[in-house]
Amino acid sequence: MDDGYWVSLLRDIEEEFGLDAHDLEQDEFAGSNGVAGLVFHGGRGETGSAAGDDEVWDRMEDRMAANEDVEVTISGYNRGGLLTEVEGLQGFVPASHLYGTSLPAGPTERAAAFAARIGECLVVRVVEIDRSHCRLILSERLAREDGRGELLLATLRPGQVCFGTVTNLCAFGAFVDLGGFEGLIHISELSWGRVETAGDVLEPGDSVEVVVLQVNPEERKVALSSKRLTPDPWRDVESRYCAGQILDAVITNVVSFGAFARLEAGLEGLIHVSELAEGSFMHPRNVVSEGDQVRVRVLNVDSAKRRVALTMREAEETRSHNAVASHQRFAA
């Protein structure tokens, strides 16, 4: 395989599954001898033949048409998934098509997890063949789906509420086994609040209740949501919060332009850097940190844009003023 094959394949995976794009020239590839660089910088694998025997390709095409299982051996890995060897051909299993495996988000940890699987045998299904580019794409997930999964896929409908088990966490969400077929909860559908990683909300093995958003039998994809089983906290937000209101909040994230503060589950407001405190300071972290409990005052509520503007400065001034007034009333 030429260099362009791996570059193209990894980009295809990034686009299909929403992975972050990185400079491909910096990717590390490794093979069955455990030495990084056996498959290096998008280069061709040295295991197996470059094109393989036509009879082997014929057998792979027949197995794909018949949805038959194929046993392969893991021979290496790259950022996108596992390299395999089957009857002299090199195949590729994208990370999203591994079954029941939670992969670390960090590239170093992910590489270590992949490296530990070299030499392991997998039962997979062939999902794509391109002889001209020696392209053999495999899926462990499809091989693990049985008749129950096929029946389930045929009966799922948008709006249906299901129970399932989390099988895999990835950069773009969580896979959930619904009883023989896996659906995906995109990271944006895990919570009404901001979620950095799926691991902040779920762990492999967790039992979850989900609602079906979309079913695509042709592409064998089911989109799920867990957040939509709870009320949207932004609905009727202007009936609960108004300008001038003073509230207790918890700092959830500190950035260069200010800090986000949680008012209730799934609802955060922004304290602009100019509203954090009087005087000058180098960075908002010099004033607040994640987890701090603070007193804020509502400046503005915009339900259409899902924004609440807050201030700490005016809240502190109001609290000090009220404390003085209360002391004066008590003294009188």
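What follows draws every value from the coordinates through simple rules; no lab data is involved. Computed from a predicted model, the values in this text were never measured in an experiment. Counting neighbours? That spans all protein chains shown, and the Cβs are built from the backbone with ideal geometry, glycine included.
Distance between the pseudo-spin-label points of Ala243 and Ser274 (7 Å out from Cα toward the beta carbon): 1.5 nm. Taking each residue as 0.36 nm, the span from Asp232 to Asp292 lengthens on full extension beyond its C-alpha to C-alpha distance by 19.1 nm. Pairwise Cα distances in the range 197-287 exceed 20 Å in 58 percent of cases.
Sorted from longest to shortest, the spans of the Cα atoms of the range 237-323 along the three principal axes equal 35, 30, 19 Å.
Of the peptides 181-189, 157-165, the order by per-residue mean of other Cβ atoms within 10 Å, starting with the highest, comes out as 181-189, 157-165.
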